[in-house]
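Laboratory data are not the source of any read-out in this text; all were calculated from the coordinates shown. Since this is a predicted model, take the numbers as computed values, not measurements. Counting neighbours? That spans all protein chains shown, and the Cβs are built from the backbone with ideal geometry, glycine included.
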Amino acid sequence: AVAGAAVFEPVELKGEHLNVAKISDSGKKQRKNWTSMWTVLTLDQLLFNKDRQQESAQKPGSKTDVVQLCGAVVEWTTEKSSRKNVFQITTNTGSEYLLQVESNSTANKWYDAIRKAVNSSTKA
Ligand code: I3P
């Protein structure tokens, strides 16, 4: 999914499987349940799908979880999980997601790209 990533700088992260746990839904605490999700970053959204095939099926009734990045906060956390490479996204509506992947470099790539998307969509 990231072939040619170094060439196409800003939006290199088309899609990848990340471990995701939604721990709060609009301020309401959720039971932590790590799930491998096919994750796609757009200019201002993060899309979670159960699998890659659903990626293009963003119509009503599809199971895509859409995270609005405008006004979100993204930070590394070592307290909310025993796993390595975990960062948290808190949306402006108070939903909280933990994202994790074994590879440091993959985690760093997503963290950086999501922060950039947050910054540019929040200013816009
Ligand atoms: C949780 C599960 C999670 C773990 C979480 C456990 O148990 O083992 O993987 O989070 O720890 O509560 P269960 O499946 O019974 O709900 P990490 O893998 O992120 O450590 P936590 O309660 O300390 O968050």
Lysines near LYS32 by alpha-carbon distance under 17 Å, same-chain residues fewer than 8 away left out - which ones?
-> LYS22, LYS50, LYS80, LYS84
State, to one decimal in nm, how far the label point of TRP34 lies from the label point of ASN92, with both points 7 Å from Cα in the Cβ direction.
-> 3.2
Can you bin segment 25-124 into rounded, prolate or oblate? Criterion: square roots of the alpha carbon gyration tensor eigenvalues sorted a ≥ b ≥ c, rounded for a/c under 1.5, prolate for a/b above b/c, oblate for the rest.
-> rounded
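By counting other Cβ atoms within 10 Å of each Cβ, how are THR122, THR35, THR91 ranked from fewest to most? Could the numbers behind the result be given before it?
Values: THR122 14, THR35 11, THR91 20.
The order, fewest Cβ neighbours first, is THR35, THR122, THR91.
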Spelling it out for THR42: with amide H atoms placed in the peptide plane at 1.01 Å from N, the residues 5 or more places away or on another chain with amide H under 5 Å from its amide H are LEU47
